[in-house]
Amino acid sequence: MNCGYGEKIILYLYGEAGAGLKGEVESHLPGCPSCRADLAALRAAGASLSARAEEPPAFAMANVMRAARAAVAGRRAPSFSWGEALLSGALASAMAFVFAFSGRGASADLAWNSGVDAGLDSVEYSVYQEQSYLNASSGDWEYEYSSLEDENFSAGENA
């Protein structure tokens with residue numbers, strides 16, 4: 001039976017119900033076996049979960065700590081070597097030199113006139129060509145419409 005007290009029972013169980021709601025639930029519980037059973041089940045579940053909320057076994061903690069100490073002992077501290085620092089600096093300088101002077105002989109239009117860009121240019125040209133065609137045809141229409149108005153106007157004056 002669903003009497004609508006489900007959330008009220010939960011608030012009552014956790015002590016979050018106000019004085020009025022608490023009194024309402026307490027007066028409802030003796031007459032509703034379904035709510036009493038729900039409250040008992042919630043209390044049992046809470047007790048079961050509380051019983052299991054304990055520290056891990058001591059042997060598990062000891063194993064974790066032993067593994068952590070072994071991992072830390074296996075690491076070596078970071079060291080500084082002038083030879084490694086000079087080698088990395090020389091390599092960085094060489095790469096900077098190569099990148100700085102590698103494009104000297106190439107044309108400035110090389111990247112601009114790539115195959116992909118050329119394909120896009122042809123599409124863009126086609127779009128502009130269609131737009132100019134549409135603009136030209138609408139201009140013709142306006143011109144022809146204007147000439148028709150002129151003819152009508154002159155016909156009206158002659159009449």
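Is it the case that the range 73-81 has a residue that's touching a helix residue (DSSP H, G or I) at 6+ places or on another chain (Cβ under 7 Å) and either surrounded by 10 or more Cβ atoms within 10 Å (Cβ to Cβ) or hydroxyl-bearing (Ser, Thr, Tyr) (or both)? Don't jump to the end; show me each part of the working.
Filtering the range 73-81 for residues touching a helix residue (DSSP H, G or I) at 6+ places or on another chain (Cβ under 7 Å) gives none.
No, that holds for no residue.
Tell me which residues, restricted to the range 1-33, are under 16 Å from residue 43 (Cα atoms) and part of a helix (DSSP H, G or I).
Within the range 1-33, 6, 7, 8, 9, 10, 11, 12, 13, 25, 26, 29, 33 qualify.
Computed from the coordinates by the stated procedures, all read-outs in this text should not be read as laboratory data. Everything quoted here is computed from the prediction, not taken from an experiment. Heads up, the Cβs are rebuilt from the backbone with ideal geometry, glycines too, and the neighbour counts pull from every protein chain shown.
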